[in-house]
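Q: Below are the C-alpha cells for one structure; questions will follow.
The values are calculated or read from the model by the stated rules, or taken from the named source; none is laboratory data. Values in this document were obtained by computation on a predicted structure and should not be read as measured data. For neighbour counting, all protein chains shown are included, and Cβ atoms are generated from backbone atoms with ideal geometry for every residue, glycine included. Each accessible area value is taken on the protein alone, full model and side chains, heavy atoms only, with ligands, DNA and RNA left out. Shrake-Rupley method; radii C 1.70, N 1.55, O 1.52, S 1.80 Å.
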Amino acid sequence: MSLTVEQIKQRNQELITEVLKAYPEKTAKKRAKHLGVYEEGKPDCGVKSNIKSIPGVMTIRGCAYAGSFGVVWNPVKNMIHLSHGPVGCGRYNRGGRRNYYIGTTGVDTFTTMHFTSDFQERDIVFGGDKKLAKIIDEMEMLFPLSQGVTIQSECPIGLIGDDIEAVAKKKAKEIGKTVVPVRCEGFRGVSQSLGHHIANDSIRDWVLDPSASKPMDIQSTPYDVAIIGDYNIGGDAWASRILLEEMGLRVIAQWSGDGTLAELERTSKAKLNIIHCYRSMNYIVRHMEEKYGIPWVEYNFFGPTKIAESLRKIASFFDAKIQEGAERVIAKYEPVAKAVIDKYRPRLEGKKVMIFVGGLRPRHVIPAFEDLGMECIATGYEFAHNDDYQRTTHYVKDGTLIYDDVTGYEFEKFAEKLMPDLVASGIKEKYIFQKMGLPFRQMHSWDYSGPYHGYDGFAVFARDMDLAINNPVWNMTKAPWQTA
Amino acid sequence: MTQHTQNPTPQNPDQVLDHLNLFRHPDYVTLFKNKRCEFERAAPDEKVEEIREWTKTWDYREKNLSREALAINPDKACQPTGAIMAAVGFEGTLPFVHGSQGCVAYYRTYFNRHFKEPSSVVSTSMTEDAAVFGGLNNLVDGLANAYNLYQPKMIAVLTTCMAEVIGDDLNAFIKVAKDKGSVPHDFNTPFAHTPAFVGSHITGYDNMMKGILSYFWDGKAGTVPPLERKPTETINFIGGFDGYVVGNLREIKRIFSLFGAEAIILSDSSEVWDTPTDGQFRMYDGGTTVAETEAALNSKATLVMQEFGTEKTREYLMEKGQEVISFNYPIGVSATDEFLMAISRLTGKPIPKELEKERGRLVDAIADSVAHIHGKKFALSADPSMAYGLTRFLLELGAQPLHIMATNGNKEWEAKMKALLDSSPFGQGCHVWAGKDLWHMRSFLFTEPVDFLIGNCYCKYLERDTGTPLIRIGFPIFDRHHHHRFPTWGYQGGLNVLVRILDKIFDEMDRNTIGIATSDYSFDLIR
C-alpha cells in the first residue's frame, strides 16, 4: 500500500499542478516557483524564497516589526521596547510569543508589557519626534530600573520622515542609558525576516560594537559561550542552558530569550557563539566572526539524536574537559530519553507530519519526530532564504513536498490530499485543520506547552505529539449515522 | 557557573513535566539564581523591592497620571480588527486589507486566540515600492487572486495605517481593479478607510458597518442607482464590536422569534465564529445576506446595542429616515427590560410570556445571591458601551463600581457614565476614567483598592501585580475557553454574567478560608 519514492514524487508533482490551477495565470506562474518536490542530491529544495508575497493569496507571513520587536528585541527583558506608532501592533503582539523570563514585571522587567506612542492623526501630520522625546522621559520617571529603551518603528514612522535616530542619540546622553532606534517599519522587506536583520544590525551598531572596546564586566574564562537565537519560548533556552552548564561551559549571554542588556554587551568576548535559530541571528554571529574572530556553530536541540550530535559538535571547539563533560551529559540523559522513546514511539510509529513554520523549525524538528518513529512528508518556511533550503536538504527525505510562503489555499488543499496524521504549524492554521479532523500542534508557541528544546524538552515534545494525535476526539468528528 | 550533576533528572516518562512544573526543579532554580547574580547586571533584590513598593504609592500614582505622551498597556486595539468583525458577519464575505501584510497576521491571530476559530483575511502585501508608488497594483492583483482562490460572495476592503498615510483611495482603486477585470463589475466590494491612528477597534466597526450599508443603499459606489426607501415593519439590529457575538446573536435571534418580530441582524458572525469540527473547514458560514442588507434600508427602525462605536452608522441610518434606538450593552434586568420594551413598542407586540418568566428567573437568581455582591467594590475596564452596561448591572446588584475605565472612551462617554453613577446611591464616590490605560489602573487598584476587577485577559497582569481577583468579561479572552459561546444579553445573558461574578466571589471565599486549622472554620459547605 505504501508508495515508492517515485510514486510519491509523481503524486506531489500532480498535487502542485492541481493547486496551481486555481490561480490566475500570472499568479500561478509566480507561485509555481515556490512549490517543489525535493530531489535527493540537489543542493537545495528547488524552490525560490525570500520573495514578496503575492497580494490577496492569504500569506501566513508577518512583517519586519514582528521580526524586530516581536522576535529579536522584546525578549531582552530589562529594556523597555516602545511600539512607536499606532496602538494595534503592540496590542496584538503582547504576550503572544511566550518568551519566558525571570523578573519583576513593571519594575526591572518589561517583556510582557505594551509600551506605545499610540499615534493619533496629529502625530502623523506634525511628526512624532517631540512626543518620542517626552515618552523616554516618562519611561525614566516611572521605570528607573529599566536599563535602556528601544524604539521599534511601525509603518507610519518611515513614511512621515521622523528622525528617531536624532532623538535616540540626544535622549541616550540625557538619561545616560542605551537608546536604540530601530527602523523596522512593517512595510520593509518581504516578511519578518528583514526585521530580524534590521534588529541584528541595530544591536551591532548601538550595543555590541560600542561596548566592545571596554573590558568584559565579568572575569573571562576559556569556556565562555553565548546562546544565540533561542527565544526561550516556554523555557527552551533554560532547558538548553542547563545542558551547556553541565558539560562545563559558561553561558555569558542569551540572545535573546530571558536576555538582558548586559548579556548583549559582553557577547563580543565569547569564545564561541552557538546558534540555534540561524535564520533570525546569523547576521550577528557572522559580524562577530569577522570583527572579533569569534567562531560560531549551528546546533539543534530537538530530539536526543540531534542533541547528542550537537553537544559533541559544540564540545569539539573546546578541550578534553568539555568533551568529557558532553559525554557525561549525554550519558546522564540518554536513559530518560530512551524511556521516553520506549513509551511514546509505539504510539507514534509511522505517523506522517506536515510542517509549516518559520525560522529553523521546518527542518530542525524533523529529527525529533523521527526519534519518535514519525515521518515528515511535507515542509516549508514562512520566511526562509535559500541558505535555509540548502540546510534543509540534510533533513528531508527524497520526494518530500516543499512549499515556500505557502498560501492558505495551497496548505489546505495539500493537507486535504495528503491527509497527514499531524499538521505542525501556527495559530492561524490550527483551527482550519482541526475542523478538517486533522490533529494539530502549534510549532511557534508549542501550543502553550514547552519547553521542547533539550532533553527535558524532548519529553514534553513526545508527550504533546502523542496527546495531539491519539486523543479520542478525532474519532468523533463524523456522526455515527452518517455514511462514510 | 554551576554543575548540576547531583540531582536526578527531572523528567520521567510516567509523569512528564512541562513548563508549569519543570522549572521548579532545584537545578533550574539554581540556574535562574546564578544567571541573575552573575550575568544580568540586575539591581539588588532590595532595590527592586523598594521600587516595587514605590509603584504602589500615591506618589507613583500622581506621576503615572501625569503622563502625556506614553501609553502603557492601553486597553484598545486599532480600527481594522473592528472592521473585520463587522465584515465577516455578512454572508460569504472575505475581509481584504489594503496595506502591510503583517497587520493581517496580527488581526487573524487576535481572533483565532479569542474564538478558537479560523479567521480568514487577506492583505495586499504592500512593501517599500508600494510605499513610494502607491498600492494600486497590489490591490488590482490582490482582488483577482482573492476572488479566484477563495470564491467569496463579497469582498469587504479596508486599510492599514500604511495605506492611509500614503493616501491610497479605495474607491478609485477598486474601480480601476474592476475595469482591469480583477473581479466582475457587479461583484460586491464595499469598503471602508480604517486608519489605525484614529479611534480604536470600535471606530473600525462603525466605519465598516457604514461602509457596507452605504455601498448597498447608495448605489454601489456610483455603479447602480441608489435604492429608494420603502418603509416596512421590519426592525434592524446592530450589535457593535462584541467578543460574545456568537452567544449574543443567537440569544437576540431567539428573542426576536419569541416576539414573532421581523428582524434583520446586520452583521451576523455567530456562525462563522462557531463552526463545527466535522471534517470540513468552512471559510464562510451564515451571515447577513445581500438581500437582507438591501432590505434593511426599508426597516422602520434600527436597534443598536452599543451607542459608542456606531456613531457614523447611527447618523447615516437617521439620515435615511429610520428611527434609531441606542443602548449601551444592556446587561441585567432593567437594561434588558428597556431593550424588550423597545422591541414591543416598535412591533406593537406584547413582551412574550416566556421572556417575562425568564425575567422573573433572573430576578430570582439575583435575590438568591445578592447578599454576596451587595456593597462589594469593583473596578472594570472595557469598551465604552460595555463599561456602561456592566456598571449599570453592578449598580443594580448593589455593588460599587469604584473605577470604571475605557481607554477608548471619550468625553461624551465620561459624562454619560457620571450621570449613571449619580443616579444610584451605589455610584457615589466612584471614578470614571476616559482615555486611561491599564498601567493607570494598576495605580488605582493599589491606592484605592477594590474587591474584584472585571476585564479582558490583559487584566490578568493586574490580578498578579495587585492581588485583585479578575472576573474575565470582555474582549479578548485568550486564556479561558468558550465564554464567547454564551450570551451576555437578554435575561439569559444577565444570568451568565451574574454566575461568572458569583463563581469568582465564592472561589475567593474558599481560597481565603482554606488554611487548615487556621481559617477553615469558614470553609463552608453551604454558601
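Q: Considering only residues of the stretch A:188-201 that are touching a Ser or Thr at 6+ places or on another chain (Cβ under 9 Å) and open to solvent by 10 Å² or more (accessible area, probe 1.4 Å), which is farthest from the other protein chains (Cβ to nearest Cβ)?
A: Per the stated criteria, the residue is A:H197.
Q: Of the residues in the stretch A:128-172, how many are more than 12 Å from every other protein chain (Cβ to nearest Cβ) and either farther than 26 Å from A:Q192 by Cβ or modelled with pLDDT under 95 (or both)?
A: Of the residues in that region, 5 qualify.
Q: OK, next. State which residue is most open to solvent (accessible area, probe 1.4 Å) when the search covers only the stretch B:124-149 and only residues that are more than 7 Å from chain A (Cβ to nearest Cβ) and not aliphatic (A, V, I, L, M).
A: Here the answer is B:F133.
Q: Here is a check on your reading of the model: is A:P451 facing another protein chain (nearest Cβ under 9 Å) and crowded, with 20+ Cβ neighbours inside 10 Å?
A: yes
Q: Also: Can you name the condition, by its number, that B:K353 falls short on among (1) touching a residue at least 60 places away in the same chain (Cβ under 8 Å); (2) closer than 20 Å to B:G260 by Cβ?
A: All conditions are met except number (1).
Q: Further question on the same structure: Kindly provide the set of residues from the stretch B:12-39 that are open to solvent by less than 40 Å² (accessible area, probe 1.4 Å) and either more than 8 Å from every other protein chain (Cβ to nearest Cβ) or of a type in the set (S, T, Y) (or both), ordered by number.
A: B:H25, B:Y28, B:N34
Q: Kindly indicate whether any position in the stretch A:372-380 is among the acidic types (D, E), out of contact with any strand residue (DSSP E or B) (no Cβ under 8 Å at 6 or more places or on another chain), at pLDDT 95 or above and open to solvent by 10 Å² or more (accessible area, probe 1.4 Å).
A: No: zero hits.
Q: In the stretch A:338-357, what count of residues is obtained for those that are open to solvent by less than 10 Å² (accessible area, probe 1.4 Å) and either over 20 Å from A:Y455 (Cβ atoms) or at pLDDT below 95 (or both)?
A: Summing the residues that are open to solvent by less than 10 Å² (accessible area, probe 1.4 Å) and either over 20 Å from A:Y455 (Cβ atoms) or at pLDDT below 95 (or both) in the stretch A:338-357 gives 5.
Q: To continue, here is another question. Report, ordered by the first and then the second residue, all pairs with beta carbons closer than 7 Å, sequence separation of six or more or different chains, a first member in the stretch A:384-398 that is outside the structural domain of A:M281 (by TED's automatic domain parsing), and a second member that is of a type in the set (K, R) and surrounded by fewer than 22 Cβ atoms within 10 Å (Cβ to Cβ).
A: A:T393/A:K42
Q: Do we find a residue being touching a strand residue (DSSP E or B) at 6+ places or on another chain (Cβ under 6 Å), on the phi > 0 side of the Ramachandran plot and open to solvent by 10 Å² or more (accessible area, probe 1.4 Å) anywhere in the stretch B:254-261?
A: Scanning the stretch B:254-261, I find no residue that is touching a strand residue (DSSP E or B) at 6+ places or on another chain (Cβ under 6 Å), on the phi > 0 side of the Ramachandran plot and open to solvent by 10 Å² or more (accessible area, probe 1.4 Å), so the answer is no.
Q: Would you confirm whether or not the stretch A:149-170 contains a residue that is in contact with a Lys or Arg (Cβ under 7 Å, 6 or more places away or on another chain) and open to solvent by 10 Å² or more (accessible area, probe 1.4 Å)?
A: Yes, the stretch A:149-170 contains at least one residue that is in contact with a Lys or Arg (Cβ under 7 Å, 6 or more places away or on another chain) and open to solvent by 10 Å² or more (accessible area, probe 1.4 Å).
Q: Could you identify the single residue in B:F191, B:F216, B:F281 that is touching an Asp or Glu at 6+ places or on another chain (Cβ under 6 Å), modelled with pLDDT of 95 or more and farther than 19 Å from B:V304 by Cα?
A: Every option except B:F216 fails the conditions.
Q: Please tell me if A:V329 is within 25 Å of A:G235 (Cβ to Cβ) and more than 13 Å from chain B (Cβ to nearest Cβ).
A: Taking the combined requirement at face value, the residue does not satisfy it.
Q: Is there any pair with a first residue in the stretch A:200-215 that is closer than 17 Å to A:I228 by Cβ and a second that is open to solvent by less than 70 Å² (accessible area, probe 1.4 Å) and of a type in the set (S, T, N, Q) whose Cβ atoms are under 7 Å apart and which are 6 or more apart or on different chains, and what are they?
A: A:V207/A:T178; A:L208/A:T267; A:L208/A:S268; A:A212/A:S268
Q: Quick one: in the stretch B:273-297, which of the residues that are in contact (Cβ under 8 Å) with a residue 40 or more places away in the chain and open to solvent by 30 Å² or more (accessible area, probe 1.4 Å) is farthest from B:P225 (Cα to Cα)?
A: The selected residue is B:M283.
Q: Name the single residue that is nearest to B:G493 (Cα to Cα) among those in the stretch B:340-350 being touching a residue at least 40 places away in the same chain (Cβ under 8 Å) and surrounded by 15 or more Cβ atoms within 10 Å (Cβ to Cβ).
A: Applying the filter and picking the extreme gives B:L340.
Q: Please work out which residue is farthest from A:T150 (Cα to Cα), limiting yourself to the stretch A:201-257 and to residues that are among the polar types (S, T, N, Q) and outside any loop (DSSP other than H, G, I, E, B).
A: Per the criteria, the residue is A:S240.
Q: Further, regarding this structure: List the residue pairs whose Cβ atoms are under 6 Å apart, where the first residue sits in the stretch B:170-191 and is under 18 Å from B:G134 (Cβ atoms), the second is part of a loop (DSSP other than H, G, I, E, B) and open to solvent by less than 20 Å² (accessible area, probe 1.4 Å), and the two are 6 or more positions apart or on different chains.
A: B:I174/B:T189
Q: Next up: So, B:I526, is that one within 30 Å of A:S445 (Cβ to Cβ) and either among the β-branched types (V, I, T) or not in a loop (DSSP other than H, G, I, E, B) (or both) or not?
A: Judged against the criteria, B:I526 is not a match.
Q: Please work out if A:E412 is under 20 Å from B:Y150 (Cβ atoms), open to solvent by less than 20 Å² (accessible area, probe 1.4 Å) and within 10 Å of another protein chain (Cβ to nearest Cβ).
A: no
Q: What is the number of the single condition among (1) in a loop (DSSP other than H, G, I, E, B); (2) more than 9 Å from every other protein chain (Cβ to nearest Cβ); (3) touching a residue at least 40 places away in the same chain (Cβ under 8 Å) that A:T111 does not meet?
A: With respect to (1) in a loop (DSSP other than H, G, I, E, B); (2) more than 9 Å from every other protein chain (Cβ to nearest Cβ); (3) touching a residue at least 40 places away in the same chain (Cβ under 8 Å), A:T111 is out only on (3).
Q: Which residues, taken from the stretch A:114-146, are outside any loop (DSSP other than H, G, I, E, B) and either open to solvent by less than 30 Å² (accessible area, probe 1.4 Å) or in contact with a strand residue (DSSP E or B) (Cβ under 6 Å, 6 or more places away or on another chain) (or both)?
A: A:F115, A:T116, A:D123, A:I124, A:L132, A:A133, A:I135, A:I136, A:E138, A:M139, A:L142
Q: Any chance you could count how many residues in the stretch B:371-386 are open to solvent by 40 Å² or more (accessible area, probe 1.4 Å) and not small (G, A, S)?
A: Total satisfying the criteria: 4.
Q: Also, I was wondering about something else. Across the stretch A:97-108, what is the number of residues that are hydroxyl-bearing (S, T, Y), surrounded by 20 or more Cβ atoms within 10 Å (Cβ to Cβ) and within 8 Å of another protein chain (Cβ to nearest Cβ)?
A: Result for the stretch A:97-108: 1.
Q: Here is a follow-up. State yes or no: is B:I501 on the phi < 0 side of the Ramachandran plot and not in a loop (DSSP other than H, G, I, E, B)?
A: yes
Q: So if I check each of B:A77, B:A83, which one is more than 9 Å from chain A (Cβ to nearest Cβ), surrounded by 17 or more Cβ atoms within 10 Å (Cβ to Cβ), of a type outside the set (F, W, Y) and within 31 Å of the chain's Cα centre (by Cα)?
A: Only one candidate passes the filter, namely B:A83.
Q: Could you check A:S49 against (1) within 21 Å of the chain's Cα centre (by Cα); (2) within 12 Å of chain B (Cβ to nearest Cβ) and say which number it fails?
A: (2)
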